[in-house]
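Laboratory data are not the source of any read-out in this text; all were calculated from the coordinates shown. Keep in mind that this is a model prediction, so the values were computed, not measured. In this analysis, Cβ positions are derived from the backbone assuming ideal geometry, glycine residues included, and neighbour counts consider all displayed protein chains.
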Amino acid sequence: MSHHPIEFRYEVRPEDRGVVRALVESTGVFSPIEVEVAVELVDDRLEIGAQCDYKFVFAELDHRAVGYTSYGPIALTAASYDLYWIAVDKACHGRKIGQSLMKKTEELIHSAGGQRVYIETSSRHPYAPTRGFYLRCGYHEEARLKDFYAPGDDKVIYVKQLQPLLPPVPLGGLTEPLGQG
Ligand SMILES: CC(C)(COP(=O)(O)OP(=O)(O)OC[C@H]1O[C@@H](n2cnc3c(N)ncnc32)[C@H](O)[C@@H]1OP(=O)(O)O)[C@@H](O)C(=O)NCCC(=O)NCCS
């Protein structure tokens, strides 16, 4: 086991198509079509570049990617973001890599002005550990769309409110009108 700290990488490289495929497949919870969708997000990002709304965080140990998230702003919202994917190499589960990735991703969203992070998942049994992880990371179930994916397979939407960026207005309100100086 490596004793080196996790390092984060945000740049996306052509070899990340294979990196993401291997990470997502290693978890054993995603269907072949879901794996393809995860790789398509990398393709879009590679094609469009850093302006692409699909952002990535890779967690690396000894320069090897052991987990990643992809996320992005939700169009037509003021400050809401989607977390599209989070996956940690199955061999590295339970070592707080997922939690570190989540924290780093939330920091990046926050510093980009995001205030709410949404995650959608399935109600099916294989996703129960993932739902436990989201709760542990401070998310709560906001909505459930019954039979969304298939009969008996609901869409469960989790959300986390990030700290507001602006300092609270002092009690008693502002004494000077804004925008006059
Ligand atoms: C979900 C996932 C990213 C978690 O990553 P991880 O590195 O194994 O998790 P961590 O070690 O960071 O765990 C962080 C916390 O969540 C808790 N947690 C992890 N798995 C859990 C579970 N199955 N049930 C309840 N809590 C869980 C841990 O106990 C830990 O809590 P602690 O701080 O009290 O000890 C990883 O298991 C994974 O890749 N799963 C498959 C892919 C997936 O389902 N992705 C989501 C859909 S896009």
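The table below lists the values:
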read-out	value
Volume per residue of the C-alpha convex hull in the range 7-117, rounded to whole Å³	102
Percent of C-alpha pairs per 5 Å bin, the range 61-163, short to long	2, 12, 22, 23, 18, 14, 6, 2, 0
Calculated from backbone phi, Karplus (6.51, -1.76, 1.60) coupling profile of the range 110-115 in Hz, x at Gly/Pro	4, 6, 8, x, x, 10
Distance from the range 25-100 to the range 143-158 (C-alpha centre basis), Å	22
Cleavage-rule hits (GluC sites (Glu not before Pro)) in the range 1-80: DSSP loop, at most 12 neighbouring Cβ within 10 angstrom	Glu11, Glu15
Point-charge dipole on Cβ atoms (K/R +1, D/E -1) for the range 7-117, about Cα centre, debye to 20	420
Karplus-derived 3J(HN,Hα), 6.51/-1.76/1.60, for each residue of the range 54-62, Hz, glycine and proline x	8, 9, 9, 10, 9, 9, 10, 10, 6
Phi-based couplings in Hz for the range 6-20 (Karplus 6.51, -1.76, 1.60; Gly and Pro marked x)	5, 10, 9, 10, 10, 6, 10, 10, x, 5, 5, 4, x, 4, 5
Extension gain from Arg9 to Lys155, taking 0.36 nm per residue of separation minus the Cα-Cα distance	49.5 nm
Expected 222 nm ellipticity per residue - DSSP helices of 4 or more, -39500 (n - 2.57), all of the chain, to 500	-9500 deg cm²/dmol
Of Lys55/Lys104; Lys55/Lys103; Lys103/Lys160; Lys55/Lys96, those spanning more than 19 Å from alpha-carbon to alpha-carbon	Lys55/Lys96
Candidate aspartates and glutamates - alpha carbon under 19 Å from Lys90, same-chain residues fewer than 8 apart omitted	Glu7, Asp16, Glu25, Glu34, Glu36, Glu60, Asp62
Using a Förster distance of 35 Å, the FRET efficiency for Ala22-Asp53 (Cβ separation, nearest 0.05)	0.90
Qualifying chymotrypsin sites (Phe, Trp or Tyr not before Pro) for the range 1-105 [loop in DSSP, other Cβ within 10 Å: at most 11]	Tyr10
